[in-house]
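Below: the structure, in structure tokens.
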Amino acid sequence: MAKRDPRQTAINKRNKEMSLKLKTLLPAVLNSTGIKTVQSLHGLIGHKNEYFIDVKNEIINSEEEYVTKWLSGLKKSVSEIPKHFRTTENSKYYIFKSIQFNKDFRDYLYLFLQRTFLRNINAYTKARPKIEESEIWIGQNNANYGILITPRFNGDNWENDKSEIRHFNKKYWSIGHILETGLLVPFSESKFEFKTIEEYLNFFKNVIVRNSGSNYEIKIAEKYSEFVLNHSSPNEIPLLIPEYRYEGLTKKHVHRLDFTIIQSTDLNKIGFELSPWSTHGNLTGVKKKTQKAVNKEASGNFEKEISKLRKYFKKYNIYSLIYSDESLKDLDSIFEDMKSYLEPNTSDRQLKLHIYDEIMSSNL
């Protein structure tokens with residue numbers, strides 16, 4: 001059974017603690033500002049978010065970074081107000097001066113902004129994929145599937161509802177993503193939906209990967225499934241995407257990558273090619289060939305593999321790691337390489353709030 005997500009539990013706990021603290025601070029703030037209700041106070045503060053921060057496009061990694069950007073946006077906005085309009089009748093200027101001279105307001109605002117970030121943490125901390133990168137097709141011919149972000153069937157095939165991509169509330173290309181959207185059948189309204197992580201992993205291992213016919217890929221899929229089910233935050237783990245199709249739905253596509261990982265936070269892509277000599281470089285009839293011919297054929301096979309990976313890099317910006325026969329003797333080591341990209345990226349940059357000092361000392 002997948003474990004309960006302690007990260008979300010911690011977020012819920014912290015959100016509750018912040019809300020209780022804000023209730024404690026509220027009477028002093030209302031008294032010192034003369035604002036009548038909590039609704040009016042939150043209306044004054046809250047509706048400024050999109051004025052001060054480009055929340056649609058910026059990636060924000062911590063509470064401190066969010067507060068810093070918000071205050072920087074406030075300071076910039078106030079500096080652009082003509083001097084004869086800088087009065088407390090202007091809501092932005094009122095907030096600015098209240099930060100300078102009202103400690104109760106200042107403490108409340110800081111905590112309120114931290115809570116705002118926490119309540120929107122998934123949206124604020126993830127990169128938004130480009131439209132052309134928001135659609136993936138995987139699998140063998142006649143056994144292929146789509147992974148989109150906001151899929152809708154247009155009468156012919158699946159497409160993304162582009163206006164809703166940024167509102168998608170799961171980490172892109174994660175276990176949570178696939179539970180939300182399912183796997184789509186091309187040119188059909190049909191799709192495979194999964195109610196649990198176990199259901200998806202069973203399909204992943206025993207349908208998609210098994211169809212590849214590679215024992216190496218099947219064993220890696222087993223290791224990945226075990227890793228997900230034993231992880232503390234399974235829904236946030238990036239998908240181990242099998243058989244990424246270079247040409248998408250093109251029937252005679254050129255190449256597939258064995259496995260691909262797309263990290264949810266920054267959308268970095270890494271490919272993994274399991275390339276045993278028997279399937280990727282083996283030469284036949286060498287007894288009837290000259291050494292020169294053998295060398296030429298071997299060189300051609302090698303160039304074919306390298307060309308494939310160059311094309312992936314140029315078209316999709318996917319850098320690939322190649323594992324040949326010697327490496328494939330130790331699948332545990334290969335999966336250790338994968339794990340370094342599978343851990344959810346939750347780095348928090350703890351920024352010093354110099355902007356507070358700048359506001360406090362400002363003559364605006």
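Identify, from the list ASN169, ASN202, the residue that is under 24 Å from GLN8 (Cα atoms), of a type in the set (S, T, N, Q) and surrounded by fewer than 14 Cβ atoms within 10 Å (Cβ to Cβ).
ASN169
If you take just the helices (runs of 4 or more DSSP H) that sit entirely in the stretch 1-85, which of them hold at least 1 residues that are surrounded by 11 or more Cβ atoms within 10 Å (Cβ to Cβ) and touching a His at 6+ places or on another chain (Cβ under 9 Å)?
Qualifying helices (runs of 4 or more DSSP H): 63-79.
Residues being over 18 Å from ILE175 (Cα atoms) and either at pLDDT 95 or above or of a type in the set (Gly, Ala, Ser) (or both): count how many of those fall in the stretch 123-151.
Within the stretch 123-151, residues that are over 18 Å from ILE175 (Cα atoms) and either at pLDDT 95 or above or of a type in the set (Gly, Ala, Ser) (or both) number 1.
Quick grid of which residues meet (1) among the acidic types (Asp, Glu); (2) surrounded by fewer than 21 Cβ atoms within 10 Å (Cβ to Cβ); (3) free of Cβ contacts under 8 Å to residues at least 60 places away in the same chain:
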{"site": "TRP173", "(1), (2), (3)": "no, no, no"}
{"site": "LEU183", "(1), (2), (3)": "no, no, yes"}
{"site": "GLU189", "(1), (2), (3)": "yes, yes, yes"}
{"site": "PHE194", "(1), (2), (3)": "no, yes, yes"}
{"site": "SER214", "(1), (2), (3)": "no, yes, no"}
{"site": "TYR224", "(1), (2), (3)": "no, no, no"}
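Tell me whether the stretch 115-122 contains one or more residues that are surrounded by 19 or more Cβ atoms within 10 Å (Cβ to Cβ), of a type outside the set (Ser, Thr, Tyr), modelled with pLDDT under 95 and over 30 Å from ILE237 (Cα atoms).
No - not one qualifying residue is present in the stretch 115-122.
The values are calculated or read from the model by the stated rules, or taken from the named source; none is laboratory data. From a predicted model like this one, the values you see are computed outputs, not experimental measurements. When we count neighbours, we look across all protein chains shown, and the Cβ atoms used for this are built from the backbone with ideal geometry, even at glycine.
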